[in-house]
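Only one structure is covered here, and it is reproduced in the block below.
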Amino acid sequence: MSQSRQLAAIMFTDIVGYTALMGKDEQKAFELLNKNRQIQLPIIEQYHGRWIKELGDGILASFNTASDAVSAAIKIQQRCNSSKEFQLRIGIDLGEVVFENNDVFGDGVNIASRIQALAPPGGIWISEAVHHNVANKNNIETVFIKTETLKNVTDPVGIFQVKTEGIAAPVPIGNSDNKNLVNKGPYYKKLLFIAVGLIIIIITGYLINTYLKKNTKKPFDAAIEGIVDKSIAVLPFVNMSNDKDQEYFSDGLSEELLNLLAKIPELKVIGRTSSFSFKGKNEDLRSIAQKLGVAHILEGSVRKDGNKIRVSAQLIKASDGSNLWSDTYDRNLEDIFKMQDEIAGAVVKQLKLKLLTMTANVASPMNTEAYNLLLQGNYFLDKRDKESVAKALAFYLQALAIDSLNARSWAAVATCFNIQASWGWIDRKGFEEAKKAAIRAIDLDDKQAEAHRAFGEAKMYDFDWEGAEVEYQKALKLEPGNPDVIRIIGILATSLGHLDKAVHLYKQSLTLDPIRPITYLHLGIDMYYLNRLDEAIVAFKKALELNPRFPRPHTFLGEVYLLQGKTEIALAEMQQETDETWKGYGISLAYQALGRQKEADEKLRDYIAKFQNGNAYEIAKIYAFRGEKNKAFEWLEKAYKGRAAMFIWFKNNPVFKNLESDPRYTALLKKMNLPLD
């Protein structure tokens, strides 16, 4: 059974008075039904719509964009109204729906149907979601009608009328045939008196409301106004392709646009992790903007069919939900880079920023087949688990087999090797492979920020602090708004013992990528090192709030609780750890702190048997915590010789506090080229 979940505009139309006509003149009713099909079908196809089905005299259709749906509805109504043979009611909603075989399901269908039933004959009523996307666009004017609680819909829906030539105007409140109302006796005079009273109340309320709007701010509006105007989040574009496996392409396009915009120094661009956390969630754009701390949202959809692509994009102003700009691009895949630049350029123009002076696409053009493989690799790399990173690396290597001179693929390969080696999934020789790939990328194109970042990371794990700093600064100069580069410079600062600087960098990274668990983890570690334990707990808990299965926060929370003397709470945290290596390490510490010596000894022996090859540093920490200094230094030497990835967190680590007075500790700092103060 073919099924796909997509963002779509749903249009529902219905012939006014059809049921009554069917009872009076069946032949005439069938003629009108056929005429209705003849009018609607070509118009729906003209605006790239999809005819879903007929329900009696009603027609259900879907469109890629709200503007296509409204434009089609206007043309359909104008044709019907001018023919004077019959009238339609039309309702439109925009939301996430499920397409299954030749049908569609979801709230969008229900809302469109309910709105249609409320619309006046000859009119087009739309939901607030559609209004936000089409208001003041292409001469489309909308008028607010009311907020209505619709059957089987949880939240009230704001309803708007599409107002344009040939379309019915909003229905007046009350009886429209009122010219003789005053002469129809005491009952009607009483009604008139009530109506006048209501009008006075409405006018008074309006004046009071206007005054309050001028002199007070709602908390949400105040929050939006406090946000930097030159700020934007690029939400993942919706995959509208028939093949759901093309999702990597829509995600990839969104990330490409994000990266292009991030090159503009004066523009704050939210990082991928935070922007993509709203993927598949039908959340109000104003709420998303508030959570991400931005004034603008760029969203859209992508349809890919072989070598043909259709991209619809729109720029939304968060404070009022208005559409600042939108456009649709029908291109061949070979023109993808040019199209990306055009979209980014349009956004820059709307935000009144300087035009782009450089793009990654111009600096490093790609074979389109290799580019397609690169996007597939990026899709899996973002998942960050062992199997997905291995898949990503395989796609990048395939891309290089087609186009070995492309710097972006080499930089991506370097990133994969760094991740695999730093997480212990492969031998630390992976860092050497990362260096080779990064150097190759830089030789081909020294404007690749990812290549410099990956080269710096490999150097950092080899304790080449100065070399890492040089590469990180090059990456930062190329992409000053890249939150991942800022975060990793923070890790370098932590390694060197510059903890206050690191905290500042992590917080700066979070302003650009506020929903990133790993950044909260690193911030928490620094707070832990600084003995700001309450702040450390908050940071670790935030990481878990964002991703309950994120590895390591439970263990670090446990370490903080041990430092506070809350041993039972510490053990409970350690037992919730999702990563087995960190879980075993943490429970070993907790048993030791609780005085459960036999269990602590057994846990340590078991841990060494299972993890000694890749976790010498953690074993050293366990021995240091137990007060067995000689064993701790023995394993620290093994960790140093093996260049254990976690060794970069050695300096100032509270677990090693009892080793700092030992000359062997100072000697180790010197061997690692770390500051002694």
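Miscellaneous remarks
- Segment Glu634-Met672, length gained on full extension (0.36 nm per residue, minus Cα span): 12.1 nm
- Distance between modelled label sites at Phe105 and Leu594, nm, 7 Å Cα→Cβ extension: 4.7 nm
- Backbone phi angles across the stretch 91-96, fed through the Karplus curve with coefficients 6.51, -1.76 and 1.60 (θ = phi - 60°), yield HN-Hα couplings of x, 9, 9, 10, x, 7 Hz in residue order; Gly and Pro are listed as x.
- Listed candidates (i) 1.19; (ii) 1.03; (iii) 1.08 - label of the one calculated as Rg/Rh (Cα atoms, Kirkwood Rh): (iii)
- Between the beta carbons of Lys308 and Leu397, assuming R0 = 22 Å, the FRET efficiency works out to 0.20 to the nearest 0.05.
- Listing Glu580, Glu54 from fewest to most neighbouring C-beta atoms within 10 Å gives Glu580, Glu54.
- Centre separation in Å (Cα based) which lies between the stretch 599-677 and the stretch 426-477: 26 Å
- Annotation: amide H of Thr142 within the under-5 Å range of Asn136, Lys163, sequence separation 5 or more or interchain, hydrogens built in the peptide plane.
- In the stretch 262-360, the GluC sites (Glu not before Pro) that fall in loop regions by DSSP, at most 14 other Cβ within 10 Å: Glu266, Glu283
- Pairwise FRET efficiency - Leu118 versus Lys507, Cβ, R0 = 56 Å, nearest 0.05: 0.70
- Annotation: extensible slack from Glu369 through Asp382 equals 2.6 nm (criterion: 0.36 nm per residue apart, minus Cα-Cα distance).
- Label-point separation, Leu333 to Lys447 (7 Å along Cα→Cβ), nm: 2.5 nm
- In range of the label at Asp155: residues from the stretch 85-115 whose backbone nitrogen is under 19 Å from the point 7 Å along Cα→Cβ: 92-98, 106-115
- Asp579 versus Thr164: modelled label distance in nm, points set 7 Å from Cα along the beta carbon direction: 5.5 nm
- Taking 20 Å as the straight-line reach from the Cα of Lys638, the lysines in range (excluding those fewer than 8 positions away in the same chain) are Lys429, Lys459, Lys610, Lys621, Lys629, Lys651, Lys657, Lys670, Lys671.
- For Phe463, no residue has an amide H sitting under 5 Å from its own, ignoring neighbours fewer than 5 places away on the same chain, with H placed 1.01 Å from N.
- The trypsin sites (Lys or Arg not before Pro) found in the stretch 408-464 that occupy coil by DSSP, while having at most 12 further C-beta atoms within 10 Å, are Lys429.
- Only Lys, Arg (+1) and Asp, Glu (-1) charged, at Cβ; the stretch 225-363 dipole about Cα centre in debye: 280 debye
- Cα gyration tensor, the stretch 24-164 - rounded (a/c under 1.5), prolate or oblate: rounded
- When the stretch 366-480 is described by a simple charge dipole with +1 on each Lys and Arg Cβ and -1 on each Asp and Glu Cβ, the residue from Ala414, Gly467, Ala441 located farthest towards its positive end is Ala414.
- In terms of Cα atoms, the Rg and Dmax of the stretch 366-480 work out to 13.2, 38 Å.
- Residues in the stretch 309-326 that a label on Lys349 would reach, taking backbone N under 15 Å of a point 7 Å out along Cα→Cβ: 313-315, 324-326
Any read-out appearing in this document is the output of simple, stated calculations on the displayed coordinates, not a laboratory observation. Computed from a predicted model, the values in this text were never measured in an experiment. Positions of Cβ are backbone-derived with ideal geometry, glycine not excepted, and every protein chain shown enters the neighbour counts.
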